[in-house]
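Data first, discussion second: the structure below is written as structure tokens.
The values are calculated or read from the model by the stated rules, or taken from the named source; none is laboratory data. This structure is a prediction, so every number in the text was calculated from the model and none was measured. Cβ coordinates were reconstructed from backbone atoms using ideal geometry, including for glycine residues, and neighbour counts include every protein chain displayed. Quick note on the areas: whole protein, heavy atoms, side chains included, nothing else; ligands and nucleic acids left out. Shrake-Rupley method; radii C 1.70, N 1.55, O 1.52, S 1.80 Å.
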Amino acid sequence: MERKNVWLSYEEEQLQELEEVSARYKACLDAGKTERECVRVAVDMAEKAGYRNLQELMEKKEPLKPQDRVYLCYMDKSIVLYQLGEKPLEQGLNILGAHIDSPRVDVKQVPLYEDSEFAYLDGHYYGGIKKYQWVSIPLALHGVVVKKDGTRVEVNIGEKEEDPVFAFTDLLIHLSAKQLEKTGTKIIEGEQLDLLFGSRPLKDTEKEAVQANVLRLLKETYDIEEADFLSAELEIVPAGKARDCGLDRSMIMAYGQDDRVCAFTSLMAMLDQGPVEKTACCILVDKEEIGSVGATGMSSRFFENSLAEVMELREGYSELKLRRAMSHSRMLSSDVSAAYDPIFADVFEKKNAAFFANGIVFNKYTGSRGKSGSNDANAEYMAALRDIMDRNGVAFQTAELGKIDVGGGGTIAYILANYGMEVIDSGVAVLCMHAPWEIVSKADVYEALKCYRSFLKEA
């Protein structure tokens, strides 16, 4: 039961691989700051690894055989990948599931306005955030604008060195006496998260000249009209790249590591697999931060439908075989855990907390208070995972999300458990979770990849 810092166990070859994994991971973070961007990264990596688009095979009714690799995107915001095993699908799959949405601020459908010669984009925050953390930092604008004729315009402003950045403004300390008397949830209100977008008026314009100038620039650069905001998905995210953190470069600081640290390591593990006995699967989904709702969230049936299509091309579909496949499957619901922070030790129960550089974290249950809203994995499954990790030299730890009555959280685990499959939460410990910039240990990223590889091969 003794905790061990895995940095002390690595040989030079392992340290080199760890740094290579960290570099791959940081590149993925930089390229994928929205769900659509993450899916694009996943498709590019998958196709280079020999995966084919399942949609095309479905249209041609091309049969699938063992070791075939396929992927299917849904609305460009979720993706599922399969590597067909030697065993029939009804004997179950080994599934890695993670989410690729992260807390942020979305642009409203009617966002643009001018006030006192400032142009703003009206925002609506997405997921659980401390709103005061998002003011006075450089922000970028990512997303798509879809015009009435179906033309899709990609937007990415604020990431290149020569790009402008944006900001939510805060009140100067000299005038903030009343503001500082407010609780943390009220220091910055949701309706105050309006993006400072411009301040230069357009010449020879009598009314709303700054707004007119912004619209001119949008038209010239992107051929976007104001009405096109009605059919846009624009996300406001922190500007800047993933960086090494600490003088010893032992950590990574970046936006969106909840849950892309698990999503990208799951994807890497999936693409790295050799031949498999049981079918391997990786699901990367949207909408977890707001309850896994909607067509691209885990609560939708897109995964079940995709598996039915794979089954049809592999061995012939039947409802009974599909139900058997789901119930006989094993899954790692790959989501992050709260890292023990000695600065805020009072909210953790130290014996059951996750520590940096102690390896992948297994959360037998999540939820809040009396395990409300939790998936609670069975002891037999936990024992099987312990065996797999030990045989493959994977460092792991177990944890809960803080003290019992302090808070809590949920993942996608309970949704897949509804099919009767064995599911447990497993992920990387994160400091500053849901902040604009989150921190993880490189060692834990490395151990997560080792864990996911071992699970797909042996579970």
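Counting only residues at least eight positions apart within a chain, or on another chain, the aspartates and glutamates with an alpha carbon under 16 Å from that of LYS130 are ASP106, ASP170, GLU189, GLU191, ASP194, ASP258, GLU289, GLU438. Most simply put, the chain has about 70% antiparallel DSSP beta bridges, counting only bridges with both residues inside it. Each stretch of four or more DSSP H residues adds -39500 (n - 2.57); spread over every residue of the chain, this sum gives -9000 deg cm²/dmol at 222 nm.
A straight Cα-to-Cα reach below 19 Å connects LYS65 with the lysines LYS87, LYS278, LYS321, LYS457, residues fewer than 8 places away in its own chain not being considered. When only Cα pairs under 8 Å and 6 or more residues apart are kept, what is the percent relative contact order across the chain? For the chain, the relative contact order is 22 percent.
Computed with a 1.4 Å probe on the full set of protein chains, the accessible area for MET433 sits at about 70 Å². Put HIS99, HIS174, HIS328 in order of accessible area, highest first, and with a 1.4 Å probe you get HIS174, HIS328, HIS99.
Accessible surface ranking for LEU215, LEU54, 1.4 angstrom probe, highest first: LEU215, LEU54. Positive-end ranking of ILE412, LEU81, VAL394 along the dipole of the chain, with charges on Cβ about the Cα centre, is headed by VAL394.
Tally Lys and Arg at +1 and Asp and Glu at -1 over the other residues with C-beta under 11 Å from the C-beta of ALA209: what net charge comes out? Summing Lys and Arg as +1 and Asp and Glu as -1 gives -1. In this structure, the pairs whose alpha-carbon distance is over 30 Å, taken from LYS147/LYS442; LYS186/LYS219; LYS131/LYS350; LYS33/LYS147; LYS48/LYS442, are LYS147/LYS442; LYS186/LYS219.
Placing TYR25, TYR419 in order of accessible area, with the largest value first and a 1.4 Å probe, yields TYR419, TYR25. For the chain, the share of accessible area belonging to carbon and sulfur comes to 52 percent (1.4 Å probe, ligands and nucleic acids excluded).
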